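What follows draws every value from the coordinates through simple rules; no lab data is involved. Keep in mind that this is a model prediction, so the values were computed, not measured. Cβ atoms come from the backbone with ideal geometry, glycine included; neighbour counts cover every protein chain shown.
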Amino acid sequence: MIGLIMRRLGWTIVVVWFAVTATFLVTTAIPADPIKALLGPHATAQTIQRVRAHYCLDRGIAVQYGCWIDRVAHGDLGESYRSKRAVTEIIAHRLWPTVQLALAAIVLQLVLGVPLGIVAATRRGRWQDHAAHAVGTLAQSAPPLFVGTVLLYMFAYRWGWFPISGYGSGGWDRIEHLVLPAMTLATVGVAYYARVVRSELIDQLGADYVRTARAKGLPERAVIGRHAMRNVLGPLATLVGLDLGVLLGGAVVAEFIFAWPGLGREVLQAVLELDTPLILGVVMVSAIAIAVVNLLVDLAHLWIDPRLHDAS
């Protein structure tokens, strides 16, 4: 167990370094000057040069990269070109709303997708299975931009069941503001979770141990819940880990449509305005989040199937 965690931590450092370095090289290759975009077309040459020196942009790429790495080593992710605020402050302010949105989307995917997959597997070839397949195909075919716009129009604007946009003031008001963005993110995930659960569960229902459980007279609910579904938890945990890592990186479309103040909106604005320190900071946080979630998924696999201890 300790060896697995140490190996994962080592790979986490490598992955984060590679992701941030690749992003740095891409941003420096953009044929645009972030300082001119920041100061505007009427800035003097002296002002531009002074600001370049302040942000360590008046030297070569290698020196710029060294300056950034040195700041990171001291716990400083730099200063946003656009807002003049510390990148760590911006990320700290925007991270929690994104975490809330990601967790809400994951909960919806599990609550809706898993039962739908179980029904489709246990009613294989019947109308329930065909209906679940049709719903899943429709959900996977709809892009988040379309889903979010339809939900916004129908449930917020036309019927007034939920707020149109914003973050809410906390408590129940926060939950009401969270529902539609989470539904937008969860639509595709519900369909995918249902298909994975259906496929895995069909394989398990044909296994010898399931036939033995049925031969012992166990009710079907116990056969599925206590035996078959236990072996579906591994692939399901992997899906949750992948989705959670990606969503923590910022759900750009949902946050943009519903004016949700998360990392997605912030990094989109940073890309449009060439705010390199903020882009690099968000990439670093996203890479760390994905690596940590993957470590938790590995530990969950060990808990679900203790036989993996020997393999690790």
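What to note about this one:
- Residues ASP33 and ILE164, FRET efficiency given R0 of 35 Å [Cβ-Cβ distance, rounded to 0.05]: 0.40
- Packing-based order for 123-130, 54-61, using average beta carbon neighbours within 10 Å, highest first: 54-61, 123-130
- The range 2-73: C-alpha gyration tensor shape, a/c 1.5 cut-off, then a/b vs b/c: prolate
- Here the sum of -39500 (n - 2.57) over DSSP H runs of 4 or more residues, divided by the residues of the chain, equals -23500 deg cm²/dmol at 222 nm, to the nearest 500.
- Segment LYS216..ARG126, full-extension length gain: 29.7 nm, with 0.36 nm per residue of separation and the alpha-carbon distance subtracted.
- Global geometry of the range 88-311, whether rounded, prolate or oblate, following the gyration tensor of its Cα atoms and the 1.5 cut on a/c: oblate
- Estimated distance in nm for a label pair at THR149 and THR238, the labels positioned 7 Å out from Cα along Cα-to-Cβ: 3.6
- A Förster distance of 25 Å, applied to the separation of the beta-carbon atoms of ARG50 and ARG71, puts the FRET efficiency at 0.85.
- Spatial separation of Cα centroids for the range 180-195 and the range 48-81, in angstrom: 40
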